[in-house]
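Enquirer: Have a look at this one before I ask anything.
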């Protein structure tokens, strides 16, 4: 079944590919925080965002929904893992970091409902790319720094 038929069969119009999407997000060592379990999860998040970007470029609403659901679910699991790690190591900025996660979860839930309507998603992708790059290189990097100072990672 073609993308357009698949979308219309599920009650969606075929989305028009948007050439103004941000450049595809790719993992680079600059995003590493030095905590292998978190870096591994971040790499997967980056790949899911890149997969979302590819789906948006193709313009298939059905595919976008499925990938966005996967991205939302994995982000929630990652946050739970990261929050458990922060609690375990008694990270001093735990509450602030959890609030950042909660704000993104809420924003993703809102964006998720907009995606269901197949609204233009360039703002969604731009937001996600910017948030992920900024969060990993600032807030998450502080977790890695804290863990190194405590002798918990090399």
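Enquirer: Identify all residues within region 33-43 that are in contact (Cβ under 8 Å) with a residue 24 or more places away in the chain and within 15 Å of residue 135 (Cβ to Cβ); write none if there are none.
Expert: Residues satisfying the conditions are 33, 35, 38, 41, 42.
Quick grid of which residues meet (1) modelled with pLDDT under 80; (2) surrounded by 18 or more Cβ atoms within 10 Å (Cβ to Cβ):
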site	(1), (2)
3	yes, no
7	yes, yes
34	no, no
46	no, yes
52	no, yes
69	no, no
81	no, no
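Enquirer: Can you run down the residue pairs with Cβ atoms below 8 Å, 6 or more apart or on separate chains, where the first is in region 84-113 and touching a residue at least 60 places away in the same chain (Cβ under 8 Å) and the partner is assigned to a loop (DSSP other than H, G, I, E, B)?
Expert: Taking only residues 6 or more apart or on different chains, the pairs are 89/150; 89/152.
Enquirer: A follow-up question, please. Does residue 15 count as touching a helix residue (DSSP H, G or I) at 6+ places or on another chain (Cβ under 6 Å) and either modelled with pLDDT of 95 or more or surrounded by 14 or more Cβ atoms within 10 Å (Cβ to Cβ) (or both)?
Expert: Yes; evaluated as a whole, the condition is true for this residue.
Enquirer: Let me ask another. Among the residues of region 101-135, which ones are in contact with a helix residue (DSSP H, G or I) (Cβ under 6 Å, 6 or more places away or on another chain) and modelled with pLDDT of 95 or more?
Expert: Hit for region 101-135 is 101, nothing else.
The values are calculated or read from the model by the stated rules, or taken from the named source; none is laboratory data. Just so it is clear, the model here is predicted, and its values are computed rather than measured. Quick reminder, even Gly has a Cβ in these numbers, built from the backbone with ideal geometry, and neighbours come from all protein chains shown.
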